[in-house]
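Let me begin by presenting the structure, written as structure tokens, before commenting on it.
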Amino acid sequence: MRWSIVVPVKRLPRAKSRLFAAAAPDGVPGGREALALALAVDTVTAALASPVVARVVVVTDDEQAADRLERAGAVVVPDRPDAGLNPALAYGAAAAARLGTEDGVAVLASDLAALRPDELTGALQAAAAMPRSFVADASGQGTTLLAAVPGAELAPRYGVASRQAHLDSGAVELQGDWPSLRRDVDTPDDLQAATRLGIGAATRALL
């Protein structure tokens, strides 16, 4: 099965507030906007390198992010609902389904700086065996990947404790050795952990 990947990207001035509120990483030219964009570029680039990914659809209202991620190979759609993360994801999923009617649709976090295409491929191959499934983040509280096969509703439940929310909604938790897929970057410690795994070219160049 092939997949359309939906990646939500906040307006850059509002992105990564937790990371910089805790302790702004030293030596980041352009501050959090530049870092948030670099993380998204590396996420999109890695996703497009997976052989089971047909396309990446980025949902964003940020013009700079839209331009850079289009050049990275993504299809960019505006956040027309502009009503929060879950409505934006549902909108992006509908756009992705129109582009690939026989493809599954999966949401991917935008801050997976160390993402390995082979790990994403493995998770998506596992996801193809059930209607709706997800991968929890490294903390065990959040969600980095939510997937739905063709004909199944994505029904995103992102927010506080999204892992439990997705379990409660009937999605199956996928188990696998996918450290780079689980390592989103919300804090300085997360960034250090991602760096140890091996961050992508855009984030590496920035740092």
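Only the coordinates and a few stated rules stand behind these numbers; no lab work does. All values reported here derive from a predicted model rather than from experimental measurement. Don't worry about glycine lacking a Cβ; one is built from the backbone with ideal geometry, like all the others, and counts go over all protein chains shown.
Work out the length of the dipole vector of the chain about its Cα centre, built from +1 on the beta-carbon of each Lys and Arg and -1 on the beta-carbon of each Asp and Glu, and round it to the nearest 20 debye.
60 debye
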Percent relative contact order for region 78-207, counting Cα pairs under 8 Å at least six residues apart, stands at 28 percent
Ordering 126-134, 42-50 by per-residue average of other C-beta atoms within 10 angstrom, highest first, gives 42-50, 126-134
Scoring only Lys, Arg, Asp and Glu (+1, +1, -1, -1) among other residues with Cβ under 12 Å from the Cβ of A126 yields -3
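Can you compute the charge dipole magnitude of region 31-76 about its Cα centre, using +1 on each Lys and Arg Cβ and -1 on each Asp and Glu Cβ, nothing else charged? Give it in debye, rounded to the nearest 20.
Dipole size: approximately 220 debye.
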With +1 on the Cβ of every Lys and Arg and -1 on the Cβ of every Asp and Glu, the dipole magnitude of region 117-205 about its Cα centre, in debye rounded to the nearest 20, is 80 debye
The distance between the Cα centres of region 191-207 and region 105-140, in whole Å, is 19 Å
Using alpha-carbon positions, the gyration tensor of region 135-206 gives root eigenvalues a ≥ b ≥ c; with a/c under 1.5 called rounded, otherwise prolate if a/b exceeds b/c, else oblate, the class is prolate
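Rounded to the nearest 500, what is the chain's calculated 222 nm mean residue ellipticity when only DSSP H runs of at least 4 contribute -39500 (n - 2.57) each, over all residues?
-12000 deg cm²/dmol
How much length would be gained if the chain were fully extended between D67 and S139, taking 0.36 nm per residue of separation minus their Cα-Cα distance, in nm to one decimal? Spell out each step's value before the answer.
Details: separation 72, 0.36 × 72 = 25.92 nm, distance 3.19 nm.
Value of the extension gain: 22.7 nm.
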